[in-house]
1. Roughly how tilted is helix 177-186, in degrees to the nearest 10 and between 0 and 90, from the longest Cα axis of the chain?
2. Taking Cα pairs under 8 Å and at least six residues apart, what relative contact order does the range 1-116 come out at, in percent?
3. Between Ser50 and Lys131, what is the spin-label point distance in nm, taking each point 7 Å from the Cα along the Cα→C-beta axis?
4. Compute the angle between helix 142-159 and the longest alpha-carbon principal axis of the chain, please, reported from 0 to 90 degrees and rounded to the nearest 10.
5. What list of ³J(HN,Hα) values in whole Hz, one per residue of the range 13-22 in order, does the Karplus curve 6.51 cos²θ - 1.76 cosθ + 1.60 (θ = phi - 60°) give from phi, with Gly and Pro shown as x?
6. Could you provide, to the nearest whole Å², the per residue accessible area of the chain with probe 1.4 Å?
7. At 222 nm, what value in deg cm²/dmol follows for the chain if DSSP H runs of at least 4 each add -39500 (n - 2.57) and the sum is divided by all its residues, to the nearest 500?
8. At a 1.4 Å probe radius, carbon and sulfur cover how many percent of the accessible area of the range 47-196?
Amino acid sequence: MDDETAPRKGTVTQRAIERIKAMIGEGRLEPGQRLPTERDLAVQLGISRSSMREAIRALTVLGVLEARHGSGIYVTRLEAGDLLETFGVVADLSRGPQLVELLEIRRILESTATALAAARITPERLAEVEKHLAAMNATDDPEEILAHDLAFHREIAAAAGNETMAAILEGLSSRTFRARVRRGYQEEGAFARTRREHAAIHRALAARDPEAARAAAAAHVGEVEQWLRAQLGPQDDPRARCSAPT
């Protein structure tokens with residue numbers, strides 16, 4: 001791949017990517033709309049077809065465009081879950097201090113989503129949350145507990161009514177699955193504590209109490225976060241780096 005086609009910042013390809021994104025952001029290309037042909041779009045933007053091809057390929061990987069065989073290139077539905085899929089990959093590959101930082105983000109967003117859910121949750125969705133809580137309480141199998149744990153939080157995130165936040169939390173929750181598995185196997189009493197924390201979240205939701213829900217969710221994710229910080233030690237704690245003298 002030559003310098004012109006490599007999608008690095010400042011290259012022709014990168015500028016093409018930004019131009020296409022601007023066309024979408026300005027409404028000149030709508031979700032579901034077919035793009036002009038590669039040749040016509042290259043002429044319109046004043047770049048080579050090879051650079052346009054690389055730009056389209058990069059935006060396809062990001063979930064902004066999709067290739068339909070025999071039909072052409074289209075703008076996707078631009079839904080949060082599709083656009084944030086690459087964020088989930090970053091979360092999945094993170095470990096050590098980076099994983100702690102992701103858990104810190106999850107704690108902030110999870111507590112906000114749970115507070116919103118307490119104000120907005122429907123009786124039907126609350127019943128689904130309760131179903132997963134009951135399933136967690138009815139088994140000692142770690143895999144089953146964690147599966148219902150994920151579903152419990154997924155229902156709450158959906159109840160918050162913010163699809164973008166729910167998509168981010170989906171990545172953070174499922175991609176930190178391994179950290180919770182290790183905690184369950186290594187820390188005595190972790191699952192019993194998890195059950196109590198989930199029960200507190202459910203009570204706050206049932207009471208339609210946003211502040212209690214926020215506090216319960218923050219405490220729940222904070223337990224996992226603190227456990228992981230302890231596993232790393234102070235030398236790998238992101239907070240230690242921020243407070244180090246200069």
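1. 30
2. Once normalised by length, the contact order is 21 percent.
3. Between Ser50 and Lys131, the label points sit 5.6 nm apart.
4. For helix 142-159, the angle is close to 70 degrees.
5. Going residue by residue, I get 4, 5, 5, 5, 4, 5, 5, 5, 4, 5 Hz, with x marking Gly and Pro.
6. On the way: 13030 Å² over 246 residues.
Using a 1.4 Å probe on heavy atoms only, each residue of the chain averages 53 Å².
7. My calculation for the chain gives -22500 deg cm²/dmol from helical runs alone.
8. Carbon-and-sulfur percentage of accessible area, whole number: 53.
The values are calculated or read from the model by the stated rules, or taken from the named source; none is laboratory data. Computed from a predicted structure; not experimentally measured. Glycine also receives a Cβ, built like all others from the backbone with ideal geometry; neighbour counts cover every protein chain displayed. Ligands, DNA and RNA are stripped out before the accessible areas are found, and what is left, the full protein with its side chains, is counted by its heavy atoms. Shrake-Rupley method; radii C 1.70, N 1.55, O 1.52, S 1.80 Å.
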